[in-house]
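Taking it in order: structure first as structure tokens, then the write-up.
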Amino acid sequence: MVINHCFQKPVSIAPLVIFRVLFGLMMFAGIMRFWLNGWITDLYVTPRFYFNYWGFEWVHPLGGTGMHLLFLLAGVSALGMAAGLLYRITAVVFFLSFTYIEMIDATNYLNHYYFISLVGFLMIWLPANRYFSIDVKIWPDLRRDMVPLWTVGIIRLQIAVVYFFAGLAKLSPDWLLDATPMKIWLPAKSHLPLIGGLMYKSWVAYFFSWFGALYDLFITFFLVNRKTRPIAYVFVIGFHLATALFFPGIGMFPYVMIICSFIFFSSSAQQKLLNRIKSPGQTTSDHSVYQLPARVNSMFMVALGFYFCVQLIVPLRFLAYPGQLFWYEEGYRFSWRVMLMEKSGNTFFYVKEPSTGKIYEVNNNEFLTPLQDKMMSTQPDLILRYAHYLASVYKQRGLKDPAVYAECYVALNGERSRPFTNPTIDLSRQPFSWRHYTWILPLVKDEK
């Protein structure tokens with residue numbers, strides 16, 4: 001009862017409103033970035049084959065015109081969210097369109113895309129359009145100045161989950177004791193002015209590794225605390241800007257976290273900020289509180305509890321698998337493991353026709369883009385997906401019951417390349433499942 005009372009405590013709607021505006025504008029900017037750089041065509045039109053997620057084979061690209069229209073729909077809906085225009089509709093459209101795009105090809109997976117889909121889903125259910133929105137200007141009765149604390153708290157909790165599990169993932173011997181992969185990555189930044197010469201220093205790699213782990217583990221606690229919040233947010237900005245500088249390949253993730261972490265500032269402080277901006281159509285004071293009917297509210301609390309239980313379980317599912325996580329990558333995605341390893345591979349596929357004994361070496365460039373080939377060569381489920389596809393292609397070319405074999409070599413965190421797949425197993429006969437990949441050879445590290 002005490003916890004429920006705390007969740008229902010009325011607070012200013014300002015943090016939710018500011019988050020809605022910033023999140024919507026940031027999503028629009030990100031989508032336009034894709035459009036202007038030509039990535040829509042490169043990633044969702046040009047490829048001949050797409051790596052579907054298991055269970056979502058029905059998700060397909062929509063062709064050149066269709067994909068550009070889908071991105072346009074996502075961008076327009078993001079602006080609609082920011083403006084609070086037909087908010088429920090635009091929030092649903094943004095979530096569905098963005099998530100559909102990201103489910104087309106698993107080789108395009110990035111942690112912050114997953115995070116955006118989760119936040120987009122949560123935004124559907126929040127009353128973020130009840131103040132400082134076009135909806136309120138059109139329908140004044142919608143306006144509410146106060147909302148229950150849980151409506152702000154669930155966004156904060158979602159961010160906390162990301163940070164905490166990102167920090168927990170860094171508590172590994174490679175990261176803390178060997179400072180890898182930082183020792184591998186930092187020398188590539190030796191061209192930077194002033195600090196470039198330090199990039200070869202071992203202690204710098206250890207500093208980056210340990211600071212990154214401590215930051216992710218504890219930054220949320222400092223953001224929640226009123227006394228430490230301002231300096232903690234300065235660290236948020238500094239940490240993520242440094243990440244963007246040293247690792248530009250991470251995309252918009254640093255900026256996503258900078259913007260989203262602003263929601264930790266108090267409701268009163270954000271209300272003062274919002275008061276400096278003239279709210280369209282809102283000149284009177286109204287302290288009405290947004291409330292759900294008691295029965296609906298109880299059901300919603302149960303649903304939220306289930307949602308966050310899933311959020312806690314999914315990053316830990318790797319514990320159900322044997323072997324080294326970074327090698328097998330079973331349970332790796334959707335677990336907030338951000339830039340924890342340096343992994344590269346080369347994979348050669350052979351298609352054999354059992355009845356004739358003929359063997360055909362596959363030219364991956366015929367079917368995959370360079371990015372797809374790179375990502376596929378180190379991820380077992382993608383290797384399996386591609387092997388099944390090759391079997392279907394060569395069957396269409398006239399081979400009877402083609403068998404597909406893979407000879408793959410992978411290097412992990414600076415160690416020498418090792419055999420990754422069992423080349424004697426017909427991968428086209430291996431099923432898609434949650435079970436452990438027995439056709440991946442175990443990792444045997446070099447003795448030190």
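The values are calculated or read from the model by the stated rules, or taken from the named source; none is laboratory data. As the structure is a prediction and not an experimental result, all values here were calculated from the model. Heads up, the Cβs are rebuilt from the backbone with ideal geometry, glycines too, and the neighbour counts pull from every protein chain shown. Quick note on the areas: whole protein, heavy atoms, side chains included, nothing else; ligands and nucleic acids left out. Shrake-Rupley method; radii C 1.70, N 1.55, O 1.52, S 1.80 Å.
Positive contributions from Lys and Arg (+1) and negative ones from Asp and Glu (-1), summed over other residues with Cβ under 13 Å from the Cβ of Pro380, come out at +1. Rolling a 1.4 Å probe over the protein chains gives Lys395 an accessible area of about 130 Å². Over segment 30-125, one equal point on each Cα, no solvent: what is log10 I(q)/I(0) by the Debye formula at q = 0.21, 0.22 Å⁻¹? Taken in order of the listed q values, log10 I(q)/I(0) reads -1.10, -1.19.
Surface composition of the chain: carbon plus sulfur atoms contribute 67% of the solvent-accessible area (1.4 Å probe, protein chains only, all chains present).
In debye, nearest 20, what is the charge dipole magnitude of the chain about its Cα centre with +1 on Lys and Arg Cβ and -1 on Asp and Glu Cβ, if you could check?
Details: 38 positive and 25 negative charges, 236 e Å.
With only Lys, Arg, Asp and Glu charged at Cβ, the dipole is about 1140 debye.
Counted by Cβ distance under 14 Å from Phe19, the other residues give a net charge of +3, where Lys and Arg count +1 and Asp and Glu count -1. Computed over segment 1-70, the convex hull of the alpha-carbon atoms projects to a mean area of 8.3 nm². Using modelled backbone amide H atoms (1.01 Å from N, in-plane), which distant-in-sequence or interchain residues come within less than 5 Å of Phe51's amide H? Here Ala106, Thr107 satisfy the definition. From its DSSP helices (H runs of at least four residues, each -39,500 (n - 2.57)), the chain gives a residue-normalised ellipticity at 222 nm of -16000 deg cm²/dmol. Semi-axis lengths, largest first, of the ellipsoid equivalent to segment 342-429 are 24, 13, 10 Å, with √(5λ) applied to each eigenvalue of the Cα gyration tensor.
In this structure Met299 has an accessible area near 120 Å², from a 1.4 Å probe over the protein heavy atoms. With everything on Cα atoms, drop me the angle between helix 294-313 and the longest principal axis of the chain, reported from 0 to 90° to the nearest 10. Approximately 30 degrees, to the nearest ten. In a solvent-free Debye calculation with one equal scatterer on each Cα, what is log10 I(q)/I(0) for segment 69-173 at q = 0.11, 0.15, 0.20 Å⁻¹, listed in the order of the q values? Each listed q maps to, in turn, -0.43, -0.72, -1.06. Could you compute the net charge surrounding Leu126? Neighbours are other residues with a C-beta less than 11 Å from the C-beta of Leu126; K and R count +1, D and E count -1. That sum, taken over residues with Cβ under 11 Å, equals +3. Cross-link candidates for Lys400: which lysines have Cα within less than 26 Å, leaving aside residues fewer than 8 places away along the same chain? Here the lysines satisfying the reach criterion relative to Lys400 are Lys352, Lys358. Debye sum, Cα scatterers, the chain, no solvent: what log₁₀ I/I(0) at q = 0.07, 0.09, 0.13 1/Å? Each listed q maps to, in turn, -0.42, -0.69, -1.28.
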